[in-house]
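First the structure, in the form of structure tokens, and then the observations on it.
The values are calculated or read from the model by the stated rules, or taken from the named source; none is laboratory data. Owing to the predicted nature of the structure, the values given are computational and were not obtained by experimental measurement. Just the protein is used for accessible areas: all its heavy atoms, side chains included, with ligands, DNA and RNA removed. Shrake-Rupley method; radii C 1.70, N 1.55, O 1.52, S 1.80 Å.
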Amino acid sequence: MSPVRRLVSYARNYARMVSKVLKMASDVRRQPSNGFTVAGFEVLPGFLERETCQDIIHFANGYLQGHSYVVPPQHYRDEEVDGGKCYVHHRAEVRDINLGMVQFINVQKLDRRFSQLLATVQKMLEARTGESLQAQSAVIQLDMPDCETKRRLHTDGLTIRYKAFIYLSDVNGSEDGPYTVIPGSHRHVLRKIMNLFYVRWRTLTWSKEKVKRSDQFGDMAILYNERHSTQVLGSAGTMTLSNQLIVHQGGYNRNPRWAIVLHFIPRKYWDGKPFNMYQQEVESGAFPSESLNKAQMLTD
């Protein structure tokens, strides 16, 4: 492809992304005004009992084997027949960021209580947003100590999505890796458009600056500062509802942190497919040796 055609292609993609930012901003502004829709997040202490949190951790430990794999279908509940899969994903095997993260994805296929949890939180989010939502996945997440490779401030793409983060272990300070947000940033437009251009200017080698780590779709590399962010602290059982257009990150942690993350999307934006985040990478067994070495350093 000639440089001119490549530039035209980049420009078209950028225009498409800008259009999506504007569309999502319009959607957000049409939502009912309440604490969640104005701030972009809401914290609910004591949502789960501590004993329940411990039971979930025990359940997850029964499936974690130290590597990525797909859970055999004979473990699935009979009513979970949508074609999706349950699997364990070690980020260190396929990524160069968040190397301490282990995700046990689609656990609602194994245990009814996670389906019930999705349904309960879905109703809470629908009441706040006035939207019809699709519950996508319940993910049990273990963040091993990682003070080097956590992804910087970002959004989860450009389409409205919602998550509920429920701490399964106590998060009393920055050493525990709290969920961190910039309140109200789900409503920002200009700063996000500028970040879209800046990140692609770097990753598309329009600049001489080299990117050493993954610059992904929603990275907020400029115009946002961690000093302006809010750390969500809380004991085991604390839940945070979050619009994932908010600028956020997982905190650097010196202690392991357990959480369950519930995923939702407005039905009007759902593609009708089962949730499959990182499934292809798990099934392909693509385990770069460099990432594995970094992961070993984190856990040694």
The orientation-averaged projected area of the Cα convex hull of segment 1-63, in nm², is 9.2 nm²
At 10 °C and 1.306 mPa s, the Stokes-Einstein diffusion coefficient in µm²/s for segment 31-89, with hydrodynamic radius from the Kirkwood sum on alpha carbon pairs, is 104 µm²/s
Per-residue [θ]222 nm for the chain (sum of -39500 (n - 2.57) over DSSP H runs n ≥ 4, rounded to 500)
-10000 deg cm²/dmol
Computed over segment 1-122, Kirkwood Rh from alpha-carbon pairs, angstrom:
18.9 Å
Report the dimensions of the chain along its three principal axes from the alpha-carbon atoms, largest first, rounded to Å.
57, 49, 40
Could you work out the relative contact order of the chain? I mean the mean sequence separation of Cα pairs under 8 Å and 6+ apart, divided by the number of residues, in percent.
30 percent
Surface per residue (accessible, 1.4 Å probe) for the chain, Å²:
48 Å²
At 4 °C and 1.567 mPa s, the Stokes-Einstein diffusion coefficient in µm²/s for segment 57-171, with hydrodynamic radius from the Kirkwood sum on alpha carbon pairs, is 82 µm²/s
Note down the accessible area of LYS268, probe 1.4 Å, to the nearest 10 Å².
130 Å²
Whole-percent carbon and sulfur contribution to the accessible surface of segment 141-192 (1.4 Å, no ligands, DNA or RNA) stands at 51 percent
Taking 1 over the mean of 1/r across every pair of different Cα atoms in segment 105-180, what Kirkwood radius in Å do you get?
14.7 Å
